[in-house]
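K.L.:
Quick one: structure below, then a few questions.
The values are calculated or read from the model by the stated rules, or taken from the named source; none is laboratory data. As the structure is a computational prediction, the values presented were derived from the model and not from experiment. Note that each Cβ is placed from the backbone with ideal geometry, even for glycine, and that neighbours are counted across all protein chains shown. When the accessible area is computed, the model is the full protein with side chains, heavy atoms only, and any ligands, DNA or RNA have been set aside. Shrake-Rupley method; radii C 1.70, N 1.55, O 1.52, S 1.80 Å.
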Amino acid sequence: MIELKGRAVAITGAASGFGREMAMRCHALGAKLALADIDAAGLATLEAELKEMKADFFAAKVDVSKFEEMQTFAAKTFSLYPDVALFFNNAGVEISGTIWELSMKDWEWVYGVNVFGIIHGIKSFIPEMLKQDKEAIIINTSSLAGLISGHNSPIYLTGKHAVVALTEALELQLQQYQSKIKAFVFCPAYVKTNLHQAERNRPAELINENAEYYQTEDYKKKQGMMQYAVPNGMELDQAMDIVFEALEKDLFYIQTNPEFLPRIEQRFNNIMDNKRPVFAG
Ligand SMILES: NC(=O)c1ccc[n+]([C@@H]2O[C@H](COP(=O)([O-])OP(=O)(O)OC[C@H]3O[C@@H](n4cnc5c(N)ncnc54)[C@H](O)[C@@H]3O)[C@@H](O)[C@H]2O)c1
């Protein structure tokens, strides 16, 4: 495991869930923290706690879907803390529903955060981390959804597939250029965070005006699956133990729930056998 003491850790989506837990753990390990989130109130609560704990940190309101905001966050991070050991490229949101019914605003919102947010993070942090020429880590948060075929949350699932492929390409290029940075892709299944309430931080300009589809049983059923699965998922600290263990063991695909491995295997078997995925309800 990379030494974090005295070095900096930058985190997006820091005000809640995985980001917040990562911030607390890295502070406990002696790291300085650069924290970004779109949720100003959530950040303020975290800031108060960290001040109480005498943490060395700064927190910034950042919308990761906006490249300039991510660049400003990275610039502030490297000016205050020129030695970044870990970048947790993690902010994310969720929506479920049927592909042809979901609105273009839904696609723009979720891809803006979950896909472009990750790209903005890589483009803003990796060049500076390369210049450090020291061992460092980037963890991109994808999901189990990025590894399987599924029907419930197509915008989320396809975006998370992009994050897996992006991180594989990133890792290969980091090796190609013999860098000291290692990439990891975090693919949790269901973990108790506030992901099922992602709408709370949806920008006003991306809220659906014609809300008819969102009143249907189809939408409610699909969204209801996430509403149930996340609060009934794994405990957050258990999931974060798995992350740190994976970093220790150098496991590229950080997975929380081995019981879902057959779903991944099934997808790859379908590809190998050139079989159509079959709806299983
Ligand atoms: N919890 C799960 O079961 C689960 C499973 C698979 C993947 N994930 C992924 O984990 C990551 C973290 O989510 P979480 O589960 O901790 O949920 P969470 O809602 O508790 O935390 C996500 C954080 O991201 C922030 N955020 C949302 N939009 C943003 C934006 N535009 N710019 C900056 N910050 C923004 C939110 O304000 C929130 O603080 C996400 O990428 C999510 O897709 C979670």
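K.L.:
I'd like to verify a number: residues in the range 35-54 that are open to solvent by 60 Å² or more (accessible area, probe 1.4 Å) and within 17 Å of Glu199 (Cα to Cα), how many?
P.N.:
Total satisfying the criteria: 1.
K.L.:
Another one. Given the criteria under 30 Å from Gly224 (Cβ atoms) and in contact with a strand residue (DSSP E or B) (Cβ under 7 Å, 6 or more places away or on another chain), does Gly146 qualify?
P.N.:
yes
K.L.:
Right, next: Search the range 43-83 for residues being within 18 Å of the chain's Cα centre (by Cα) and of a type in the set (Lys, Arg), and hand back the single one that is farthest from Ile118 (Cα to Cα).
P.N.:
For the range 43-83, the residue satisfying everything is Lys61.
K.L.:
Kindly provide the set of residues from the range 203-244 that are under 19 Å from Met104 (Cα atoms) and within 8 Å of the ligand (Cβ to nearest atom), ordered by number.
P.N.:
Within the range 203-244, just Pro203 meets the criteria.
K.L.:
Still on this structure: Hand me the list of strands (runs of 3 or more DSSP E) wholly inside the range 1-82 holding 3 or more residues that are over 24 Å from Lys123 (Cβ atoms) and more than 14 Å from the ligand (Cβ to nearest atom).
P.N.:
none
K.L.:
Then there's this: Take Gly92 and decide whether it is closer than 30 Å to Ala211 by Cα, within 21 Å of the chain's Cα centre (by Cα) and more than 15 Å from the ligand (Cβ to nearest atom).
P.N.:
Here the answer is no, as Gly92 does not meet what is asked.
K.L.:
Please specify each residue of the range 85-108 satisfying the condition of being touching a Phe, Trp or Tyr at 6+ places or on another chain (Cβ under 8 Å), open to solvent by 20 Å² or more (accessible area, probe 1.4 Å) and either closer than 20 Å to Thr193 by Cβ or in a strand (DSSP E or B) (or both).
P.N.:
None; the set is empty.
K.L.:
Can you name the residue in the range 125-157 that is of a type in the set (Val, Ile, Thr) and touching a Gly at 6+ places or on another chain (Cβ under 9 Å) and, of all such residues, is nearest to the ligand (Cβ to nearest atom)?
P.N.:
Filtering the range 125-157 for residues that are of a type in the set (Val, Ile, Thr) and touching a Gly at 6+ places or on another chain (Cβ under 9 Å), the one nearest to the ligand (Cβ to nearest atom) comes out as Thr141.
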